Amino acid sequence: MTKRQKKLLIGSIVFAAAFGIAPNVNAMHIMEGYLPLGFCIAWGIVSIPFLVKGFFSIQKKLEQERKNITILAMSGAFIFVISSLKIPSVTGSCSHMTGTALGAILFGPSAVSILGMIVLIFQAVLLAHGGLTTLGANTFSMAIAGPFLAYGIYRLCKKCNINQRIGVFFAAAIGDLFTYSITSLQLAFAYPSEAGVWVSAAKFLSVFAPTQLPLAVIEGFLTVVVMITLENYAQPELKSAGYLENEKR
């Protein structure tokens, strides 16, 4: 790796080590043992095709350009850091940002499914954040559904000739909110109320809305700041990923 690549990689590791430690609380990732076994298996099966596609997507990008590994590693570190910083919500639960839009914009949503799953495994094992039995459900909501919508929002903004940074902001913010919407549906399917699944989903979502709405806005701004920083200090890497050349990924 070049000196610049080494600096970026070391910087991302230091950033993750400095801010990635969080207290053990009941967080928005669906916790260990909370979902019935059938739902755990079902969400895991649904996630498998996306993970397979993500593996081949990452393999292809690294074969095309080895320097992509630097930005890819940084994207994973970014997901780990900001999704580990949890803000207290009501009823003793917590909300947090996701950080998945950055990788989705740079490498496409399929690649983020792998990054997100790796992050979720580490958080479940090291931080008691989420769980191994609920890994499939958490992977689908945070590492698949959110990134795919974020990427779609970003591409739509680009087609509409909206400023690129504004597109990044909306992609990150809306992708974050969509992750929580999917998680609320997952919980509602497992624990529907007498009034139905949708009413139950609305109740779950309302628990996190007071803190998640401002967090989504903050995530949008943070993602834009990271993109601006990369534009200033990692232009070769962004070009290899296709971001600065407006290439489709």
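Using a cut-off of 12 Å between beta-carbons, work out the net charge of the residues near residue 97 (Lys and Arg +1, Asp and Glu -1, residue 97 not included).
Values: positive: 86; negative: 176, 219.
Charge balance in the 12 Å sphere: -1.
How much area per residue is accessible in segment 124-249 when the probe is 1.4 Å and only protein heavy atoms are counted (Å²)?
Working: 5660 Å² over 126 residues.
Heavy-atom accessible area per residue stands at 45 Å².
With label points built 7 Å along Cα→Cβ from the Cα atoms of residue 225 and residue 41, find their separation and express it in nm.
Output for this residue pair reads 4.6 nm.
Could you give the spread of the C-alpha atoms of segment 95-188 along their three principal axes, from largest to smallest, in whole angstroms?
Over segment 95-188, Cα extents along the principal axes are 43, 27, 19 Å.
Of the listed peptides 208-220, 115-127, 30-42, what is their order by residue-averaged count of other C-beta atoms within 10 Å, with the highest listed first?
Working: 208-220: 18.9, 115-127: 20.8, 30-42: 16.5.
In decreasing order of mean packing, 208-220, 115-127, 30-42 become 115-127, 208-220, 30-42.
Based on Cβ point charges of +1 for Lys and Arg and -1 for Asp and Glu, what charge dipole magnitude is obtained for segment 56-167 about its Cα centre, in debye rounded to the nearest 20? Working shown, then result.
Values: 9 positive and 2 negative charges, 74 e Å.
Taking the Cα centre of segment 56-167 as origin, the dipole is about 360 debye.
To check my understanding: the extent here is largest minus smallest coordinate of the Cα atoms along each principal axis. What are those three numbers for segment 160-249, in Å, largest first?
That works out to 55, 25, 23 Å along the principal axes.
So how exposed is residue 165, as accessible area in Å² (1.4 Å probe, rounded to 10)?
Answer for residue 165: close to 100 Å² accessible.
Along its three principal axes, how long is segment 33-163 when you only count alpha carbons? Whole Å, largest extent first please.
On the principal axes, segment 33-163 reaches 42, 30, 26 Å in Cα extent.
Checking a compactness column here: for segment 98-249, what do you get for Rg(Cα) / (2.2 N^0.38 Å), N being the number of residues? If you can, show how the numbers build up before the last one.
Numbers: Rg = 16.4 Å, N = 152, 2.2 N^0.38 = 14.8 Å.
Relative to the rule-of-thumb radius for its length, segment 98-249 sits at 1.10.
The values are calculated or read from the model by the stated rules, or taken from the named source; none is laboratory data. Here the structure is a predicted model, which is why all the values come from computation and not from measurement. Note that we place each Cβ from the backbone using ideal geometry, even for glycine, and neighbour counts take in every protein chain shown. The protein model used for the area step is the full one, side chains on, heavy atoms only, and it has no ligands, DNA or RNA in it. Shrake-Rupley method; radii C 1.70, N 1.55, O 1.52, S 1.80 Å.
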